[in-house]
Amino acid sequence: WDNADFSRGVGTTFYQEFHTLNTAKPPFVRDVEAKIRRYLRSSYSAAWTLKITWEKAPAYAARTDTWRTNTYQAILTTDGFRSYVLMLFQEGGMQWDYTRLPATNALIGYT
């Protein structure tokens, strides 16, 4: 996610923090908990969650291509003992033209 380039005024990044220890949980946090329970087959109750969204982010260097953008999210969550990250990408996957990126070993996800 380090190849996004917002220097041309295209795209934005924003975040939303949820403190849910001993409080009512919004539907978004309940959905995150359900995904973790389903994927990991374990009990999980979030105490804190952070949703970061990169919306319509152009690839570095934006001076060459600002019309192929990506929207993606990272959701960090913890119950105070275990922590998880969910990485979500727009439907259709990577929209950047990876052949025009400075690095030729572009990855989607993590390694």
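Look at segment 1-30 and say how many of its residues are more than 15 Å from the chain's Cα centre (by Cα) and more than 23 Å from residue 59 (Cα to Cα).
Of the residues in segment 1-30, 11 are more than 15 Å from the chain's Cα centre (by Cα) and more than 23 Å from residue 59 (Cα to Cα).
Could you please find all residues in segment 10-23 being open to solvent by less than 70 Å² (accessible area, probe 1.4 Å), in a loop (DSSP other than H, G, I, E, B) and not β-branched (Val, Ile, Thr)?
Correct list: 11 only.
The values are calculated or read from the model by the stated rules, or taken from the named source; none is laboratory data. Just so it is clear, the model here is predicted, and its values are computed rather than measured. What goes into the accessible areas is simple: the full protein's heavy atoms, side chains included, and nothing from ligands, DNA or RNA. Shrake-Rupley method; radii C 1.70, N 1.55, O 1.52, S 1.80 Å.
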